[in-house]
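Working notes, structure below.
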Amino acid sequence: MDEPSAFQLILSGDPQLLAIVRLSLSVTLAATLVAGVLGLGLGACLALTRFPGRQGLVIALNALMGLPPVVVGLLVFLALSRSGPLGFLGLLFTPQAMIIAQTILITPIIAALSRQVIEDLWAEYKDEFTAMDVPGAMRVRALLWDARFSLVTILLAGFGRAAAEVGAVMIVGGNIEGFTRMMTTSIALETSKGDLPLAISLGIILIAIMFCVNALAWGVRQWSVRHAG
Amino acid sequence: MQDRWSYKDAAPQTLLRLYNASLRYGAVDVLQDVSLEISAGGPVILMGPNGSGKTSLLKLMMGLVAPSAGEVHCARSRVSFVFQKSVMLRRSVAANVAFALQAAGLPANDKEIHAALAQVGLSYLAQRPARRLSGGEQQRLALARALSRNPAILFLDEPTASLDPAQTKAVEDIVMASAALGVKIVMSTHDIGQARRLASEVLFLAGGRLVERAAAESFFNLPESPEAQRFLAGDLVISPEVKS
């Protein structure tokens, strides 16, 4: 019997394919959620506070946007390995380890971009807020709310970066079938094995997800321009 | 620096008092030894050529900047400010007013919001995104935000500088209606015609100094200072940078 093609795998809802997609989405969504909380908090803090060393932190954060995934993978591997400082947690080669790696990878991106957005908005609002005597907590809430569309776009960019990443999750997840096999790691493995239909079908789905994420980001932008000015 | 700017009320009949107030940015003195009192009454118009210190004086009076020397006494909780180019929050017209009310610790219910918008004729645009309003409508919304706080003094920094005549008239009408309701207007402008229309009293600045203060009629008919005479005659009065 002929091997099913990539499209047949997708259209038939191949269980193996669906399991890989499901795991990939859940790991990446979880990492985006955690990185969103950490990154937006750090970005807002850096945008609105002044302290010694802040400029250095901003430069470091910007530099960390280009973190090589394999280096992140290696560091998380060393930390979670049996002899590492977090080895007692027993997380190596689990989905949680992949969430940690992806979170480390995209937190600087979300923090650096959100800092810039919030700082620009603060520069615009500063005199008006001071004149209105807006209390501190209300200022932060207002800035986050008024920057919400840009911040959602940043979160989507973080999601996209995490979803497309392969090096870090390969190292800390181990690419174990049915347990830590993600779309990107599967593509790499199946291609090397010569199972091209599965690799191609995963590639199509990954590209479709990226397309949807970018379309969503564009939609958010358009909606914000139309409804919030 | 902060202790020179007092949050205490000035004397009851006096809404605001400056005593030998100076303001310096780096090596440049933008305001020098300004002393004045502002009491309840008709609109006070700040006039002077570009760079004379009008905006700096307004910001000093409002408490947006602290004096480098001297004292400013004003009840800050009872003042509002409208900028030359007001910043609209990225939300609806009604939500902009609600925000101003909340910031002032006032109830932001529909009745209050509607009353503030009705005062400036923007009720019909309540749900529109504020940033999609025209320039004149945005200034009227800025006025609604400022007036919703029930200020004793309303500072306005050239609020009609970039507006067409119809929009300018709409803003002026709101300003005069507010003055009639007892809000003290302190407004800067370099538009002599507008000053004639609105002023009850004129403060004339040149080179960072308050060179003349007079009732409007007296100022426009018989200006005392040479700078004011030249300004009213249409001469170019160039403010020198005052370096210490």
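See the values below:
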{"read-out": "Modelled label reach - A:LEU89, point 7 Å along Cα→Cβ, the stretch A:27-60 residues with backbone N closer than 14 Å", "value": "A:31, A:34-35"}
{"read-out": "In degrees, nearest ten, helix B:165-180 long axis to first principal axis of chain B (Cα)", "value": "90 degrees"}
{"read-out": "Interchain or long-range residues, amide H under 5 Å from B:HIS190's placed H", "value": "none"}
{"read-out": "Test item: Cα-centred dipole of the stretch B:87-244, Lys/Arg +1 and Asp/Glu -1 on Cβ, debye", "value": "700 debye"}
{"read-out": "Residue-count net charge about A:GLN8 - beta-carbon cut-off 12 Å; Lys, Arg +1, Asp, Glu -1", "value": "-3"}
{"read-out": "Positive minus negative residues near B:LEU18 (Lys, Arg vs Asp, Glu; Cβ under 10 Å)", "value": "-2"}
{"read-out": "Sum of side-chain charges, A:PRO197 neighbourhood, beta-carbon under 9 Å (Lys, Arg +1; Asp, Glu -1)", "value": "-3"}
{"read-out": "Within the stretch B:136-220, percent of DSSP bridges classed antiparallel, to nearest 5", "value": "55 percent"}
{"read-out": "0 to 90° range, to nearest 10: angle between helix A:54-64 axis and chain A longest Cα axis", "value": "20 degrees"}
{"read-out": "P(r) of the protein assembly as shown over all Cα-Cα pairs, binned every 10 Å from zero, in whole percent", "value": "4, 16, 21, 18, 13, 11, 9, 6, 2, 0, 0"}
{"read-out": "Sequence-distant residues sharing a close amide H with B:ALA75 (under 5 Å, placed H)", "value": "B:ALA10"}
{"read-out": "Rounded to whole Hz, the Karplus (6.51, -1.76, 1.60) HN-Hα couplings of the stretch B:30-42, x for glycine and proline", "value": "8, 9, 10, 6, 8, 10, 6, 10, 10, 10, 4, x, x"}
{"read-out": "For the pair A and B, total buried accessible area rounded to nearest 100 Å², probe 1.4 Å", "value": "2000 Å²"}
{"read-out": "Exposure of A:THR32 as accessible area (Å², to 10), given a probe of 1.4 Å and all protein chains", "value": "20 Å²"}
{"read-out": "log10 of Debye I(q)/I(0), alpha-carbon scatterers only, for the stretch A:94-196 at 0.11, 0.13, 0.14, 0.19 Å⁻¹", "value": "-0.51, -0.61, -0.66, -0.90"}
{"read-out": "Inter-chain Cβ neighbour average for residues B:80-92, partner chain, 10 Å", "value": "5"}
{"read-out": "Using distinct alpha-carbon pairs, which all enter the 1/r mean, Kirkwood radius of the stretch B:167-235 in Å", "value": "12.9 Å"}
{"read-out": "Calculated SAXS-style log₁₀ I(q)/I(0) at q = 0.07, 0.13, 0.14, 0.17 Å⁻¹ - chain B, Debye, Cα scatterers", "value": "-0.23, -0.80, -0.92, -1.28"}
{"read-out": "Neighbour-limited loop hits for trypsin sites (Lys or Arg not before Pro), the stretch A:41-123 (at most 12 other Cβ within 10 Å; DSSP other than H, G, I, E, B)", "value": "A:ARG50, A:ARG82"}
{"read-out": "Accessible carbon and sulfur surface of chain A relative to its total accessible area, %, 1.4 Å", "value": "72 percent"}
{"read-out": "Residue-averaged [θ]222 nm for chain B, counting only DSSP H segments that reach four residues, each worth -39500 (n - 2.57)", "value": "-9500 deg cm²/dmol"}
{"read-out": "Residue-normalised accessible area of the protein assembly as shown, expressed per residue, 1.4 Å probe, Å²", "value": "46 Å²"}
{"read-out": "Per-residue HN-Hα couplings for the stretch B:204-211 [Karplus 6.51, -1.76, 1.60; θ = phi - 60°; Hz; x = Gly/Pro]", "value": "10, 10, 8, x, x, 10, 7, 8"}
{"read-out": "Chain A, helix-only ellipticity at 222 nm - DSSP H runs n ≥ 4, -39,500 (n - 2.57), divided by all residues, nearest 500", "value": "-26500 deg cm²/dmol"}
{"read-out": "Exceeding the 22 Å Cα-Cα cut-off - candidates A:LYS126/B:LYS184; B:LYS54/B:LYS184; A:LYS126/B:LYS111; B:LYS59/B:LYS111; B:LYS111/B:LYS169; B:LYS59/B:LYS184", "value": "A:LYS126/B:LYS184; A:LYS126/B:LYS111; B:LYS59/B:LYS111; B:LYS111/B:LYS169"}
{"read-out": "Phi to ³J(HN,Hα) by Karplus 6.51 cos²θ - 1.76 cosθ + 1.60 over the stretch A:18-30, Hz, x for Gly, Pro", "value": "5, 5, 5, 5, 4, 5, 4, 5, 5, 5, 5, 5, 5"}
{"read-out": "For B:ALA40, residues with placed amide H under 5 Å, excluding near neighbours", "value": "B:LEU15"}
{"read-out": "Principal semi-axes in Å for the stretch A:1-139 [√(5λ), Cα gyration tensor, largest first]", "value": "39, 22, 13"}
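The values are calculated or read from the model by the stated rules, or taken from the named source; none is laboratory data. These figures come from a predicted structure and were not determined experimentally. Using ideal geometry, Cβ is built from the backbone for each residue, glycine included, and neighbour counts are taken over all protein chains shown. Accessible surface is based on the protein model in full, side chains and every heavy atom, while ligands, DNA and RNA are left aside. Shrake-Rupley method; radii C 1.70, N 1.55, O 1.52, S 1.80 Å.
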